[in-house]
1. Might you check whether a residue that is surrounded by fewer than 18 Cβ atoms within 10 Å (Cβ to Cβ), hydrophobic (A, V, I, L, M, F, W, C) and more than 31 Å from the chain's Cα centre (by Cα) occurs anywhere in the range B:530-548?
2. Taking the range A:212-233 only, how many residues are without any contact (Cβ under 8 Å) to a residue 60 or more places away in the chain and among the charged types (D, E, K, R)?
3. Within the range B:87-187, considering only helices (runs of 4 or more DSSP H) that don't extend past its boundaries, which have at least 2 residues that are touching a Ser or Thr at 6+ places or on another chain (Cβ under 6 Å) and more than 30 Å from residue B:313 (Cβ to Cβ)?
4. Condition first: assigned to a helix (DSSP H, G or I) and charged (D, E, K, R). Now tell me which residues in the range A:103-143 satisfy that.
5. Specify which of the listed residues (B:557, B:636) is surrounded by 15 or more Cβ atoms within 10 Å (Cβ to Cβ), assigned to a helix (DSSP H, G or I) and within 14 Å of another protein chain (Cβ to nearest Cβ).
6. So residue B:113 clears everything in (1) within 27 Å of residue B:158 (Cα to Cα); (2) in contact with a Lys or Arg (Cβ under 9 Å, 6 or more places away or on another chain); (3) touching a residue at least 60 places away in the same chain (Cβ under 8 Å) except one condition, right? Which one?
Amino acid sequence: MATISLRNVCLDYPLYGAYDFSLKRRLLGHLIREQGEMRIIRAVDNVTIEAEAGARIGLAGPNGSGKSTLLRLIAGVYPPSSGSVAISGNVVPLLGLNAGVNLDFVAEDNIALLLRISGRKPTRAVIDEIWAFTELETRMQRLPLRMFSSGMLMRVLFATATAFPADILLLDEWLSVVDEHFAEKAEERLQNLVSQAAIVIIASHDQPLLRRTCTSIINLDHGRVASTVMVEPPSTLPFELRERRA
Amino acid sequence: MNNSSESPRRPSVLHIFKIYYPDLFGGTLTVIRDICASLKETFVSAVLVCSDKGESREIINGVEVERVRSFGNVLSLPAAPAYPWRLWRRIAKHDLLALHAPFPLADLVFALGFGRKRPLVVHWHADIVTHAGLRRFVEPLMRRTLRRAKAIIVSDRVLIDEAPLLREFEDKCHVVPFGIDTTVYDWPKIEPHHVNDRGRLVLACGRLVPYKGFDVLIRAAVNRQFEVWIIGEGAERPRLEQLIRELGLSERVRLLGSVNDCERVKLMCLADVFVMPSVTNAETFGLVQLEAMAAGRPVVNTALDTAVPRVARHGMEAITVPPGDAEKLGEAIDTLIGDPERRRRMGLSARTRAVTRYSATTFKEGMETVYRAAVTAPSDEVAPAAEALQATGWLDSLRIAAALAWSDMRHRYVRSLLGPFWMSLQMAIVVAVLGSVIGQMSNADMMSHLPMLALSMTAWTFLNSVVLDSTTALQNSASLIRDRALPPVIFLLQCTFRQGLFALHNACVPLILWLLLSPHDLSRALAALPGLLLFVTCTFALSLVLGALATRYRDLKPIIESTLMLAFLASPVIWSAEMINHRSTVMRLNPLTHLFAVWREPLAGGHVDATSIVYVLVTLALLLCASVLTLVHLRKAAFWI
């Protein structure tokens, strides 16, 4: 059963300046007793989140309020400075689509590699299915990704990233680069993915999107939970899934 | 173990601690002994500890005590290398494990995931205070132990509030105050409210270790009238004796040494004031002050952030003074000495509190409840899943690293027309040129040396490239680490795998040369395999450590590059030991010499020097230790990139 339990979690993010990466400087600093003060910001401050299967949590807040950091913390990228993090279930973090892409490889190889990275076996059928979703020509499978336009690239990456369902899905805002037709399809698939996942956490500036998809919205401010809003169950209006962007 | 067979119905408990009677006397040991004694009817107890006096196994008061040899103490910890192993062997034989923390040696066993199937109860006696620097290394271990514990027992609520580590596991903590058998203090001749008219005897009791603060008590006795008797033995004795001499207090201050229980009870009842001068939070409860309270003595204790000032409360059973303040301590003692009525009043309420609040029965019931709950709790629910998850985690990491390396390999072939053979050709040219040059310098028969030269060059290229690649690997894969949450170790593994594939590929040059120029002796090649494996393992461990370090400290990369260049010249890669007249010191000290020797010697038909093997194994052990440390710190790699 998928659960997420964060208790009084804090994360002190060390800000390494150019000098902090220098061993010589650090050793010399010890020698001449000039202990350089390490700058630390508290990126996540005493956050407690309990989520069980079925939870749809939206993270909202201004830039730099710690949304992405909190997602990374849940994904296990950053260890918490204090507090306890207990997560059971298979976590799939989709925080940046570009991760692990090599533009020199042909599309097919990239898909295969990305699937391997997420622990799936890239069979012919799976790759074909993904390709079908992108609606690109079959022969383009054999082209290096460098030759794709950014929109086409996004299609490939999105299709690959969302090919398999997950227990716990962590999404950072990234549904913004594709053209309108594909955006519709993409959000449909995303909603489908969200509906299959046990727990979803979405970080977004887009309040309407959060209100549509989430059961509760956590507003973050300077790493602190400013407020938690429970969203009423969606009204009788049909899901307006589509996201229009200028 | 025999204890489980003698009475199958009673579950057996293994108490895990560093030391046991009669090697030492002290509060924690009293607690363990009391638990064993009071739970006699419901649990079979056994104790596993270390001892300086060597291995032994005996029955003390019906409790089986096994001691593991330790070679003295390092940083307050017994140096008992066999302890973790013995603990692991014992775990399966008991139904419940009771760890008396802090004891990092045992944490090590639990942190590594052994004994998951047995319920664990942690008795939290104290935080690590004395060697605070050690904390940073030990805390992750302790956290892992606490995470898997079924219950954590503390003697007072305040310990949970004061220890950040415990607060994380607050819901598992149970407060069970220590209790003592107060009947032994019903000394027939002395009524509990008995007050000595002379009123000058101050008693203190505890091991003679720095945190007990006996030096403060001795200083407090300067220019005062009372006499101080201190019960206990320990490493501080010479220092305390010297202090007493220096202050000229030999008349009034006495170190009584170890005293048996009966005698101690008598002394407790005779004393006028009991003092607990402890100076650090290592003193969490102060069992002896409870004994003094049971004997109806007023107490002077110190304002620590632990249960000490809460067991005997200021103004009611005790006077509490700031820790380490000899002046205040002396004043407080004088106040009590000079006021027999107050002493009597405090003594009475101390006795009442000890009997009602800290009775042996309450303690026993509390312990029994926690132990029973831990034994009956379903223990296997989460554990195997977590174990499997960990195992698949490692396997997945390996698989992903292999996939990435394989993709790198393929990519390399895609780019160049000559593809696979370009690099090998380059290697062949290098070997040919070097071979002829060296052939000129030494008049040895170069042709027979060529296969070995080619192989050495391949091996060196492998080591060199793995280490160089690893210094940038983490930065190059920043997005995968931060956005897909892949463990950083994957990318260091990737370097070794990738260069391994390249090396296999380049190995065609030495292979062809070997087939052409040498007698084909396959058994030699087989004999070289273990050495080659050592070589690869060392390379990987080295790349792990340097890769992480170079990511954290960016100025290391140029240093590593130039060091590798130097190492290449100083090691017998292109030249061999026979070419120079005598084995130079630099060469002998250079671990690379031996790292090459362990597989080159068998391949050349000789046998490996024992020194080389020892040298390589020691290097490997050091590297592995460093790797483990690195892996712990690699969790923070996402901050560095």
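The values are calculated or read from the model by the stated rules, or taken from the named source; none is laboratory data. Note that this is a predicted model, so its numbers are computed, not measured. Cβ sites come from the backbone with ideal geometry, for glycine too, and all protein chains shown count toward neighbours.
1. Yes - at least one qualifying residue is present in the range B:530-548.
2. Number satisfying all stated conditions: 2.
3. Values: elements: B:104-111, B:132-148, B:157-162, B:164-167.
Fully inside the range B:87-187 and qualifying: B:104-111.
4. As a first pass, look at the range A:103-143 and keep what is assigned to a helix (DSSP H, G or I): A:107-117, A:124-134, A:138-142.
Of everything in the range A:103-143, those that are assigned to a helix (DSSP H, G or I) and charged (D, E, K, R) turn out to be A:108, A:109, A:116, A:124, A:128, A:129, A:139, A:142.
5. Values: B:636 fails: surrounded by 15 or more Cβ atoms within 10 Å (Cβ to Cβ).
After applying the criteria, what remains is B:557.
6. Every listed condition holds for residue B:113 apart from (1).
Matching residues to (1) β-branched (Val, Ile, Thr); (2) out of contact with any strand residue (DSSP E or B) (no Cβ under 7 Å at 6 or more places or on another chain):
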{"site": "B:244", "(1), (2)": "yes, no"}
{"site": "B:248", "(1), (2)": "no, yes"}
{"site": "B:253", "(1), (2)": "yes, no"}
{"site": "B:264", "(1), (2)": "no, no"}
{"site": "B:277", "(1), (2)": "no, no"}
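Yes/no per residue for (1) farther than 18 Å from residue A:173 by Cβ; (2) more than 13 Å from chain B (Cβ to nearest Cβ):
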position: A:43; (1), (2): no, no
position: A:61; (1), (2): no, yes
position: A:69; (1), (2): no, no
position: A:79; (1), (2): yes, no
position: A:83; (1), (2): yes, no
position: A:94; (1), (2): no, no
position: A:99; (1), (2): no, no
